[in-house]
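Notes follow the structure.
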Amino acid sequence: MRVQVAIPDAHITSGVLDAALEPVTKLNEQLLAAGQVPTFEDALPTGIKWKPEPPGGERFDHAGTVMARKWGDCDDLAPWHAASLRHTGEDPDAKAIVRRSGPSTWHAIVQRGDGSIEDPSKAAGMPSGGARVSGCATCPPMVRPRPSVSGVSDTQVARPAVAIRKIYDQGYQARVDIPWFGRDPSGKPSKQDIAMAVLKAAPTAGPALTGAIDGAVRLAIVGQYAAKEHIDRLCCIADAVSGKTFHELARVYGPDHAHAAVNFVAGTQRVYGLSARQLVGGAAVPLAPATGASRLCIPVEFG
């Protein structure tokens, strides 16, 4: 028997989720008492791994299900570990609870009777999170900085970059990277060169590209993260993808940005095998198969 509970988004709180985890913990206690599953600690050496659930509804699975498939999400592993601590008598007051991990996401952990916290997901191989450098979250850039167009070989310039890919059964996903404003161009390139990376998915290629650019530009303007030159270039590209002519682009952004935007659109069509109508009009057609990095990312050129 599977019991499903639907929780309205407005009522997803730690109290509600904690209460939903307790029945799974109780069931795991029964399975342990019946000898049908090992304790969480004993199961780890058998190959139990943390693995995020596929997109869709959350399922709080019991230890028997996790043992059969050899992986579990945090909401599967925390009740199992809490039940194990109760079953062995090591901590009769252990319980599975959640802590907020993002604006709309939660992470299940185990709270012992003394208030200390244990994370069975980490014990099962869950990464600790994104790499951090000097206390700042970083995102690996899509392309390496290139020598500046000035010809000075030891000067590396970080430029915006735009990428798009086909997602099976979901349309297209675009990504836009914008470098930090004010970065010392003579400094050694690092992961911190990218101020933000924005993703946008859409059923067709054009809206995915323009949506990712729009999101990145909005963040850059609000946070004052990016150079005006980069913002203008990206906006010009978005308008070109939307079907604006060269003369319309030049009138708003100037001829340099207009030429670069037109070249970008032409390059996108060539690399991904899209016609102008397919890109601008947003016709749902497959991308050409990717065979290398050049088919995934197109740097936004300056100079």
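For the reader, a short list of remarks on this structure follows.
- Residues considered: Arg86, Arg69. Of these, the only one that is charged (D, E, K, R) and at pLDDT 95 or above is Arg86.
- In the stretch 182-191, the count of residues that are of a type outside the set (Phe, Trp, Tyr), modelled with pLDDT of 75 or more and assigned by TED's automatic domain parsing to the domain that holds Leu249 is zero.
- Leading residue by the ranking (surrounded by the most Cβ atoms within 10 Å (Cβ to Cβ)) among those in the stretch 105-118 that are in a loop (DSSP other than H, G, I, E, B) and out of contact with any helix residue (DSSP H, G or I) (no Cβ under 8 Å at 6 or more places or on another chain): Gly113
The values are calculated or read from the model by the stated rules, or taken from the named source; none is laboratory data. In this text, all values refer to a predicted model and were calculated from it rather than measured experimentally. When we count neighbours, we look across all protein chains shown, and the Cβ atoms used for this are built from the backbone with ideal geometry, even at glycine.
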